[in-house]
Amino acid sequence: SDVYKRQTNKTASATAAKADAGTMITTNSQFIIPQNIFAAGDIISIYNNSASDIQISQGTGVTLRLVGGTTTGNRTLAQRGLATVTCVGSNEFVSSGGGLT
């Protein structure tokens, strides 16, 4: 199957599910990365299809890092921004992308 060619549209605040690994999520709302769902190597792309910033949130027990530094915590994805969230270890993720702070 072509799991890396899937897209899911979410129009309300949503929590990532295991089935979201390998997909592109288009959303206009908060997207939460939960604990104990993903394994190292799982990747989710998130496209903000709105005209406002959205938040990519680290769930309880999750460390979400901004690539290339020590900054952790929730991330802001600017309007029409594209981010990739990669699981790098048990409940540890690195985020990167255009419009991501």
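Points to keep in mind about this one:
- Qualifying residue in segment 85-99 (condition: touching a Lys or Arg at 6+ places or on another chain (Cβ under 6 Å), modelled with pLDDT of 95 or more, assigned to a strand (DSSP E or B) and among the small types (Gly, Ala, Ser)): yes
- Matching residues, segment 55-65, being part of a strand (DSSP E or B) and surrounded by fewer than 16 Cβ atoms within 10 Å (Cβ to Cβ): Gln55
- Any hit, segment 23-45, residues being at pLDDT below 95 and touching an Asp or Glu at 6+ places or on another chain (Cβ under 8 Å): no
- Failed item, numbered, when Gly69 is tested on (1) of a type in the set (Gly, Ala, Ser); (2) at pLDDT below 95; (3) in a strand (DSSP E or B): (3)
- Failed condition for Asp20, given (1) surrounded by fewer than 17 Cβ atoms within 10 Å (Cβ to Cβ); (2) within 11 Å of the chain's Cα centre (by Cα): (1)
- Among residues of segment 27-53, those that are open to solvent by 10 Å² or more (accessible area, probe 1.4 Å) and either closer than 13 Å to Asn91 by Cα or not in a loop (DSSP other than H, G, I, E, B) (or both), counted: 13
- Residues of segment 22-75 classified as of a type in the set (Gly, Ala, Ser) and in contact with a Cys (Cβ under 8 Å, 6 or more places away or on another chain), total: 3
- Taken over segment 66-82, the criterion of being among the aliphatic types (A, V, I, L, M), closer than 21 Å to Thr8 by Cβ and open to solvent by 60 Å² or more (accessible area, probe 1.4 Å) is satisfied by Leu82 alone.
The values are calculated or read from the model by the stated rules, or taken from the named source; none is laboratory data. Because the structure is predicted, anything quoted here is derived from the model rather than measured. Positions of Cβ are generated from backbone atoms using ideal geometry, with glycine treated the same way; all protein chains shown enter the neighbour counts. Accessible surface is based on the protein model in full, side chains and every heavy atom, while ligands, DNA and RNA are left aside. Shrake-Rupley method; radii C 1.70, N 1.55, O 1.52, S 1.80 Å.
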